[in-house]
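One structure is given below, encoded as structure tokens.
The values are calculated or read from the model by the stated rules, or taken from the named source; none is laboratory data. Note that this is a predicted model, so its numbers are computed, not measured. Note: ideal-geometry Cβ built from the backbone for every residue, glycine included; neighbour counts use all protein chains shown.
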Amino acid sequence: MNSRDRVLATLAGKPRDHFACMPITMMFAADCLGVNYGQYARDHRTLVEAQLKTASQFGLDYVSVISDPAREASDYGAKIEWYEDQPPAIIESEALLADKTMLANLHAPNPEDGHRMRDRILAIESLRKRVGSEMCVEGWVEGPCAEGADLRGINRLMIDFTDDPSFVTDLFELVSNLAMQFARAQIAAGADIIGIGDAAASLVGPRIYGHFVWPYEKKLVGAIHEAGAAVRLHICGNTRRILASAGELQCDMVDVDYPVPLREARQFMGPGQVIAGNLNPVKDVRDGNPEALRKQLQNCHRDAGSNYIVAAGCEIARGTPAENVMALAEFARSAGGT
């Protein structure tokens, strides 16, 4: 069973030889290749080489094009701050929709024409050619709450939920439609899985999540499934209050960050949901040691059960010792066979 078979079998609830290992690597991957992160985020050719080297060196079961949350926003026309060796950042003080009346005239770009979205599509095409059918290729889109915050500004958006709910629904409709187009383009380029990054959703409670966010996430999940790919939901942070609703999205895989006990995630999302996580990327993975990680992963296995994928709660942090990342893959290879 190769890596792609293993991941897809896990997501489909079918037998596999052992756990899949799918930690998120971005800055860690750039450092593995020995390149500045600004180059990794700007140039798909650099990202591809870094992902391939990292997956090969550490025995990971997939490669991914995740790099930063500013791709869609940049192609909308948002102002982006670029750094030589850090992820690009949206300039929130000059948010594209700081004046919300601008929404009426804002049109979604074509992913195939957008500079940064096109770069991601090219990364998927290249990775698909390089890994063939041996490994899963993961694409990525921003979820409705995250992208809405990128365009409007996180603080303004949180106020809008109460002060102008119709604006929020119009905004989420716009960004979700683009996310679906972007996801379809990545699937056509060869992506097996589409990650939905919706970190801002961890900041809202169950009422706002259920009324504003969940319907658009559900729409996006359905579109990705219809286009033939699996879905990985990634909402980093404390999602304990929205676990049950997230479990109803029917995602193939849900990342659980370290503030959320895996036993609680399993309780609220049900026995069939595939869960990844939930090691603390800094305290456990970067600052820990292989022996401690093995014990923590045994606890993860115990609490999550068999529908589990080895990963940290969020991105593998820059500066993580190589032996600690190797410990994740070694544990995966030693456990979880069905």
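Anything in segment 179-196 that is closer than 14 Å to residue 117 by Cβ and surrounded by 24 or more Cβ atoms within 10 Å (Cβ to Cβ)? List them, or say none.
Looking only at segment 179-196, we keep the residues that are closer than 14 Å to residue 117 by Cβ, and these are 179-189, 191, 194.
Within segment 179-196, 179, 182, 183, 186, 191, 194 meet the criteria.
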Between residues in segment 268-285 that are at positive phi and residues that are at pLDDT 95 or above, which pairs lie under 6 Å by C-beta distance while being six or more apart or on different chains?
270/247; 277/255; 277/256; 277/311; 277/313
Kindly establish whether residue 258 is crowded, with 20+ Cβ neighbours inside 10 Å, at pLDDT 95 or above and over 18 Å from residue 154 (Cα atoms).
yes
Residue pairs meeting the criteria (Cβ under 6 Å; at least 6 apart or on separate chains; first modelled with pLDDT under 95, in segment 42-68; second in a loop (DSSP other than H, G, I, E, B)):
none
Find the residue count for segment 302-317, including only residues that are outside any loop (DSSP other than H, G, I, E, B), over 15 Å from residue 7 (Cβ atoms) and not acidic (Asp, Glu).
3
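Just one of 232, 241 is crowded, with 21+ Cβ neighbours inside 10 Å and either assigned to a strand (DSSP E or B) or touching a residue at least 12 places away in the same chain (Cβ under 8 Å) (or both); which is it? Explain how you work it out, then say what you get.
Values: 241 fails: crowded, with 21+ Cβ neighbours inside 10 Å.
Of the residues listed, the single one that is crowded, with 21+ Cβ neighbours inside 10 Å and either assigned to a strand (DSSP E or B) or touching a residue at least 12 places away in the same chain (Cβ under 8 Å) (or both) is 232.
Among the residues in segment 146-154, are any surrounded by fewer than 24 Cβ atoms within 10 Å (Cβ to Cβ) and in contact (Cβ under 8 Å) with a residue 60 or more places away in the chain?
Step one: list which residues in segment 146-154 are surrounded by fewer than 24 Cβ atoms within 10 Å (Cβ to Cβ), which gives 153-154.
Applying the additional criterion that residues be in contact (Cβ under 8 Å) with a residue 60 or more places away in the chain yields 153-154.
Checking segment 146-154: at least one residue is surrounded by fewer than 24 Cβ atoms within 10 Å (Cβ to Cβ) and in contact (Cβ under 8 Å) with a residue 60 or more places away in the chain.
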Looking only at segment 326-338, decide whether some residue is crowded, with 22+ Cβ neighbours inside 10 Å and over 22 Å from residue 193 (Cβ atoms).
yes
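Report yes if residue 221 is in contact with a strand residue (DSSP E or B) (Cβ under 8 Å, 6 or more places away or on another chain), surrounded by 18 or more Cβ atoms within 10 Å (Cβ to Cβ) and among the β-branched types (Val, Ile, Thr), otherwise no.
Details: in contact with a strand residue (DSSP E or B) (Cβ under 8 Å, 6 or more places away or on another chain): yes; surrounded by 18 or more Cβ atoms within 10 Å (Cβ to Cβ): yes; among the β-branched types (Val, Ile, Thr): yes.
Yes, satisfied.
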Look at segment 268-301 and say how many of its residues are within 15 Å of residue 19 (Cα to Cα), in contact with a Ser or Thr (Cβ under 8 Å, 6 or more places away or on another chain) and outside any loop (DSSP other than H, G, I, E, B).
0
Lone qualifier among 173, 226 - being out of contact with any helix residue (DSSP H, G or I) (no Cβ under 7 Å at 6 or more places or on another chain) and without any contact (Cβ under 8 Å) to a residue 12 or more places away in the chain:
226
Given 336, 270, 305, 288, which one is modelled with pLDDT under 95 and small (Gly, Ala, Ser)?
336
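Kindly state which helices (runs of 4 or more DSSP H) lie completely within segment 114-199 and contain at least 3 residues that are of a type in the set (S, T, N, Q).
On the way: elements: 115-131, 144-152, 154-163, 165-189.
Hits in segment 114-199: 165-189.
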Restrict the check to segment 305-313 and report whether at least one residue is β-branched (Val, Ile, Thr) and closer than 12 Å to residue 331 by Cα.
yes
Give 157, 203 a once-over and let me know the one that is under 18 Å from residue 255 (Cβ atoms), of a type in the set (A, V, I, L, M, F, W, C) and out of contact with any strand residue (DSSP E or B) (no Cβ under 6 Å at 6 or more places or on another chain).
203
